[in-house]
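**Q** Okay, handing you the structure first.
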Amino acid sequence: MNALADHALLGIWEHGAGCGPVARGLLLLGAALPEESQERCAELPIGARDAAILKLRCATFGGRFSGRTNCPRCGEEHEFDLDLVRLLAEATGPAEIEIDNGLRFRMPNSADLIAVARHNDVDAAARQLLQRCCLNVHPEIDWSPALLDEVESRIALRESADYIELGFVCIACGEAWDDRLDVAGCVWEEIAARGRRLLDEVHALAMYYGWSEQQILALSDIRREAYLQRCLT
Ligand SMILES: [Zn+2]
């Protein structure tokens, strides 16, 4: 996996600024898997999407991730540090599940999330999502609440093998809770922070030396930093 070049990172940030989380996830996935078509990327299960985005993140920003979260009971802020390379090695699971009545389901993907996003009714969205994911769907299936509950819980259990669940215990009040790491959201925040910093650097060097954005982004990090030190002191 190649690191994101600065001009590519700025392009992703620019395109994703006005997008929702699913579309941003697809933008990141497209950068992680440039050889794949948009359609193929949208069909990738969310767990596999997150793994590909994490590989891109490790190549671009390194394998350590530092984050913050707040205790849901008392609000105390907690910092955490993750070894993403180790987490990537652990994230595996079967591609589909089969329930007792013989129905088989694949894992939801980005195209599914986009398709059901128009529903205001959570139950209707869940029903459509599971119908889309059913591999041997037929008109006689009775999508009863019990069947929906069973499939939802089985998919959630299966997805937990792919998702990164973090367990916390609050040092202030003793509350224990689990959080699922929002991989696409966290990496997007890092892309946005890096994008803002790159524009600051381009702005400073363009003002001082009169270079174009393209010329400044073509400089290596070391050379750009050296020029920044000279023009800012
Ligand atoms: Zn607490």
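Read the figures in this text as sums done on the coordinates, not as results from a lab. Quick caveat, the model's predicted, so the values are computed rather than measured. Neighbour counts run over all protein chains shown; Cβ positions are idealised from the backbone, glycine included.
**Q** Under the Karplus relation 6.51 cos²θ - 1.76 cosθ + 1.60, θ = phi - 60°, what is the ordered set of whole-Hz ³J(HN,Hα) values for the range 147-153, x standing for Gly and Pro?
**A** Karplus values, whole Hz, x for Gly and Pro: 5, 4, 4, 5, 5, 4, 5.
**Q** Step by step: find N for the range 25-113, compute 2.2 N^0.38 Å, then divide the Cα radius of gyration by it. What's the final number? Provide the component values of the computation, followed by the final result.
**A** Details: Rg = 16.4 Å, N = 89, 2.2 N^0.38 = 12.1 Å.
Dividing the Cα radius of gyration by 2.2 N^0.38 Å gives 1.36.
**Q** Which order do peptides 53-59, 225-231 fall in by mean Cβ count within 10 Å, highest first? Display every interim value, and only then the final one.
**A** Values: 53-59: 20.4, 225-231: 12.6.
Final packing ranking: 53-59, 225-231.
**Q** I've got another one for you. When only alpha-carbon atoms count, how far does the range 129-183 stretch along each of its three principal axes, as whole angstroms with the largest first?
**A** Per principal axis, max minus min of the Cα coordinates gives 54, 23, 14 Å.
**Q** Let me ask something else. Can you sort Ser110, Ser220 so the residue with the fewest Cβ neighbours within 10 Å comes first? Don't skip to the end; give the middle numbers.
**A** Working: Ser110 21, Ser220 8.
So the residues, fewest neighbours to most, are Ser220, Ser110.
**Q** Rank by packing, highest mean first: peptides 43-50, 133-140, 193-200, with packing defined as the count of other Cβ atoms within 10 Å averaged across residues. Display every interim value, and only then the final one.
**A** On the way: 43-50: 21.1, 133-140: 11.1, 193-200: 14.0.
Going by the mean number of other Cβ atoms within 10 Å, highest first, we get 43-50, 193-200, 133-140.
**Q** Now for a separate question. Starting at 0 and stepping by 10 Å, how many percent of the alpha carbon pairs of the range 96-159 end up in each bin?
**A** All Cα pairs considered, the percentages come to 21, 60, 19, 0.
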